[in-house]
Every structure is written in structure tokens, then in C-alpha cells.
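In what follows, a single structure is set out as C-alpha cells and then discussed.
The numbers here are math on the coordinates, done by the rules we state, and not lab data. This structure is a prediction, so every number in the text was calculated from the model and none was measured. Every residue, glycine as well, gets a Cβ built from its backbone with ideal geometry; the counts of neighbours run over all protein chains shown.
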Amino acid sequence: MNSPEIKMSPKALDKTMHRIAPCLLLLAVALLAIGCRQDMQDQPKLEAFETSDFFRNGVSNQVPPAGTVARGLLKDDAHFWFGRTESGQLVSELPEQVSWSMELLLRGQERYDIYCAPCHDTTGAGRGMIVRRGFKQPQPLWEDRLVDMPIGYFYDVATNGFGIMPAYRIQVPEEDRWAIASYIRVLQASQGRVLEDLPAGLQQEFERGMKAQEEAKAAAAAHHDDHGAGH
Ligand code: HEC
């Protein structure tokens, strides 16, 4: 029994091959692509604490070699990291990484209002909500003893806490602790001062403002009286 042979002229065969070649190629690429499929949630990497035969301790997590310091965390600058000189004295200047600017003070105000005002209140008087609910009342941040402290002291207290006050080094990064220390200087300059402490120009401005306020009050009272007399 002879199976019927398909006869094709070489030319016709050539033509057919030309037609189906791109399809074959596409099919091959498609098959290859399926073979390479990699779900994003299943990447060839080790996850934290996954078991692994690759490492001797059998888990993915490896302890860094002794003495390893993460990039940018070498605390070799005592001024910036600890607010102290090499010999351990509190510094009276900002570190070189931080400089006085309006931006610094605004940042300090924002961070102070978040992290310190709950106890020290927004003026530094020490009547924050936690204190009003029974926590120990701190002394005003503008008392003379604290005004005389070097700026490193405020950085140090924010970093390590003081007495019953907790440390804030975990919640507040270094730059922000310096910003807060700087802002405490603003509170000290603006709160608890007597009029005579102000520069002459500001004294006069304050007096003018007070006078205008009293006049406005008197005018309002007089207006009220006029009104009352009418009835
Ligand atoms: C949970 C309440 C609380 C918070 C929040 C708090 N403090 Fe205090 N702080 C205190 C108390 C209470 C004292 C007094 C501690 C004592 O006498 O035991 C104090 C004392 C201080 C002192 C004075 C230390 C001295 O020599 O008398 C400074 C400066 C100070 N805090 C800065 C800060 C700064 C900066 C922050 C924000 C990063 C802050 N505090 C956040 C409660 C707080």
C-alpha cells in the first residue's frame, strides 16, 4: 500500500516555507517566553530569615563581619553626633553640618512642637498637656540656668533624656535634634524676657503696639456705651 505522495514542485515548496517561516519563528519565541516566565512575587532571591543551604548557618541573614560600619554611620565626629568636643565638653556652637538659618529654626519649631511641646508646651513654660495630666513639670526652658547653658546641652538632653524625661535619639534624627536645640534659643530669646531686655527699637515698637491696643479697647468700650444709651 502506497500512501499518496504529496507532490510539490521545489518552487512551490520554497514559497510555502517562506510563508510559514515567520509563524514558526513566532511560535518558537512564544514557547521560549513561556519558559522564562518569572512571577514578580517569586524572585530568585533570599528573603529575611529564609532557610538557605548556601550559607553555613543555614539562613539567609548573615551577621556583618566584626567592626563593620554602615555607610554614613561612622560616629567619628563627636561634635555632630554627641554635641561634645573630643575631650567630652559640651559644645557651644552648631556643628559644621548645620548652620543658622530661618529654615533650620522653622524645622526646629515644627519638630519641637511635635516631640517636646507635649510636656514643655509650645512656649517652653513646661505646661504641656502631659504635664497638665499629671507628669512632672519641667522648669521653663528660658530660666537663667538654661539660658547660660551651651547649645550642646539641649542637643544632649534631647539625645539622652534628663532625669525623668525620656531620650529622643530614636524618634528624632541628629539634624533635627540640632534644629530643636537651635529653636530652644528662639524660645529663650522670646519668652520670659522683661521689656528692658529688648533692643531699644523693639521696646518702642512694643510700647506703640500696646498703646494702640489700649486705644482700640477704649474705643470699643465707648462704642458699646453709646449703643447702650440708645436703648
Ligand atoms: C514626656 C514629657 C517630656 C517630653 C516629651 C520632653 N521633655 Fe524635656 N523634660 C521633661 C521633664 C519632666 C523634665 C525635668 C526632668 C527632671 O527634672 O527629672 C525635662 C527637662 C528638660 C530640659 C532641662 C534639663 C535641665 O537641666 O533642667 C531640657 C533642656 C529638655 N527637657 C528638653 C527637651 C527637648 C528638647 C524635648 C524634645 C525633644 C523634650 N525635652 C521633651 C519632660 C519632657
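Here is how the numbers come out for the structure above:
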item	result
0 to 90° range, to nearest 10: angle between helix 200-230 axis and the chain longest Cα axis	80 degrees
Mean Cβ neighbour count within 10 Å, used as a protection proxy, ranking 215-223, 141-149, 77-85 highest first	77-85, 141-149, 215-223
Centre separation in Å (Cα based) which lies between the range 17-67 and the range 86-142	52 Å
Dipole in debye (nearest 20) - the chain, about Cα centre, beta carbon charges: Lys, Arg +1; Asp, Glu -1	1340 debye
Percent RCO, i.e. relative contact order, over the chain, from Cα pairs under 8 Å lying at least 6 residues apart	15 percent
Per-residue Cβ neighbour rank within 10 angstrom, fewest leading, D225, D176	D225, D176
Overall Cα dimensions of the chain, principal axis frame, Å, largest first	129, 69, 37
Cβ-based exposure ranking for C119, C23, in which fewest neighbours within 10 Å come first	C23, C119
Unit Cα scatterers, Debye sum, the range 46-124: log10 I(q)/I(0) for q = 0.22 Å⁻¹	-1.08
Amide hydrogen neighbours beyond the local backbone of R84, cut-off 5 Å, H modeled	H79, V91
Among Q139, S92, Q41 the positive-end extreme of the charge dipole of the chain (Cβ point charges)	Q41
Helix-only CD estimate at 222 nm, as mean residue ellipticity for the chain, using -39500 (n - 2.57) per DSSP H run (n ≥ 4)	-16000 deg cm²/dmol
The range 81-195 - charge dipole about Cα centre, Lys and Arg +1 at Cβ, Asp and Glu -1, debye rounded to 20	560 debye
Estimated FRET transfer efficiency (V69, R132; beta-carbon r; R0 30 Å; 0.05)	0.10
Label point distance in nm, Q43-D225, each placed 7 Å from Cα along Cα→Cβ	8.0 nm
